[in-house]
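S.K.: Let me begin by handing over the structure; questions about it come next.
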Amino acid sequence: MDGVNDTSKLVIVVGSVREGRFGPTVAAWFAERAGAHGGFDVEVVDLADVELPLALPAAPPKLAGADYPRPPGMAALTTRLAAADAFVLVTPEYNHSYPASLKAAIDWHFDQWTAKPVAFVSYGGAAGGRHAVLHLENVLTELHAVTVQSGLAFPQYYLNWADGQPTDPEAAGTAKALLDQLAWWAGALRRARAESPYPA
């Protein structure tokens, strides 16, 4: 860590916008764990509150740069992603992958993910969202993000949560392990970005 500046900006993204979604419950629980961890300034971003058209402009953001024509309703999301030192993507698993809303949020941005760590908290049926995470790891690697090895998955979440809390007694410990790794990467990559620009 780097003394007085050792708190990293963590953005937790609620990836599902589906009616009746469980994502906000998972995100709220994890945000509480992240706040208690002490290594992060935590912000939760809900994609249900963001303008996310599926049709993208012709020019990729890497080529268009600051002039990339994002819709006005996306401005706050872009600012938050750019300011973040680390991300946690909270995702369900739909048909062995992640929701279109999350893909749209990722595809509308480029440099905002570069040289920053991303961890995953997933939920679903028997696999607990792990298929969705495998797909996300490939996508974020392409954008030069660093995916954190430790993850948190909630199989059959509809049976294993009560009153906004997971019933798995190991969930809090697993969350801490994830946050410890994420804090290490966030600090290391923040210092690296400050010392020299990431090579494009």
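A short reminder: the numbers here are calculations on the coordinates, not readings from a lab. None of the values given here were measured: they were computed from a predicted structure. Backbone-built Cβ (ideal geometry, glycine too); neighbour counts: all protein chains shown.
S.K.: Take the Cβ-Cβ distance between Glu32 and Gln181 as r, set R0 to 22 Å, and report the resulting FRET efficiency rounded to the nearest 0.05.
M.R.: Values: r = 19 Å, r/R0 = 0.85.
Taking R0 as 22 Å, the efficiency between Glu32 and Gln181 is 0.75.
S.K.: Another question, if that's okay. So, counting K/R as plus one and D/E as minus one, what does the shell of residues with Cβ under 10 Å around Arg80 add up to?
M.R.: Taking every other residue near Arg80 into account, the sum is 0.
S.K.: What full-extension length gain, to one decimal in nm, is calculated for Ala188 and Glu142 as 0.36 nm per residue of separation minus the Cα-Cα distance?
M.R.: Values: separation 46, 0.36 × 46 = 16.56 nm, distance 2.02 nm.
Residue separation times 0.36 nm, minus the Cα-Cα distance, leaves 14.5 nm.
S.K.: I'd like the antiparallel share, as a percent to the nearest 5, of DSSP beta bridges with both residues in the stretch 6-195. Could you put the intermediate results ahead of the total?
M.R.: Values: 3 of 27 bridges.
Restricted to the stretch 6-195, the bridges split so that about 10 percent are antiparallel.
S.K.: Quick one: length gained pulling Ala59 to Gln165 fully straight, 0.36 nm per residue minus the C-alpha distance? Could the numbers behind the result be given before it?
M.R.: Values: separation 106, 0.36 × 106 = 38.16 nm, distance 4.34 nm.
Value of the extension gain: 33.8 nm.
S.K.: If I model the stretch 20-122 as equal point scatterers sitting on the Cα atoms and use the Debye formula, what is log10 I(q)/I(0) at q = 0.19, 0.20 Å⁻¹?
M.R.: Here the Debye-derived log intensity ratios amount to -1.07, -1.17.
S.K.: Ok, one more. Put +1 on the Cβ of each Lys and Arg and -1 on the Cβ of each Asp and Glu in the chain; which of Val90, Ser16, Tyr68 then has its Cα farthest toward the positive end of the dipole?
M.R.: Going by the charge dipole, the pick is Tyr68.
S.K.: Charges at C-beta only: +1 for Lys and Arg, -1 for Asp and Glu. How large is the resulting dipole of the chain about its Cα centre, in Debye rounded to 20? Numbers along the way, then the final one.
M.R.: Numbers: 14 positive and 21 negative charges, 55 e Å.
Magnitude of the dipole: close to 260 debye.
S.K.: A further question on this structure: Could you tally the net charge around Leu140, taking each other residue with its Cβ under 14 Å from the Cβ of Leu140, Lys/Arg +1 and Asp/Glu -1? Kindly include the intermediate steps, with their values, before the conclusion.
M.R.: Values: positive: Lys103, Lys116; negative: Asp107, Asp111, Glu137, Glu142.
Within the 14 Å Cβ shell, the charges total -2.
S.K.: Okay, moving on. Quickly estimate the mean residue ellipticity at 222 nm for the chain, helices only: each DSSP H run with n ≥ 4 gives -39500 (n - 2.57), and the total goes over all residues, rounded to 500.
M.R.: -11500 deg cm²/dmol
S.K.: Okay, next question. For Arg18 and Asp41, FRET efficiency with R0 = 25 Å and r from the beta-carbon atoms, rounded to 0.05? List each step's numbers first, then the result.
M.R.: On the way: r = 29 Å, r/R0 = 1.15.
It comes out at approximately 0.30.
S.K.: Where in the chain are the DSSP H helices whose C-alpha atoms run 20 Å or more along the long axis and whose mean Kyte hydropathy is at least 1.6? Before the final figure, lay out the partial values.
M.R.: Working: long enough: 23-37 (21 Å, 0.05); 171-195 (36 Å, 0.01).
The answer is none, since no helix passes both cut-offs.
S.K.: Please list the non-local residues whose amide H lies under 5 Å from the amide H of Gly124, H modeled 1.01 Å from N, same-chain partners needing a gap of 5 or more.
M.R.: When sequence neighbours closer than 5 places are left aside, the close amide H contacts are Gly129, Phe154, Gln156, Tyr157.
S.K.: Sticking with this structure for a sec: Using Cα pairs under 8 angstrom and six or more residues apart, how large is the relative contact order of the chain, in percent?
M.R.: 23 percent
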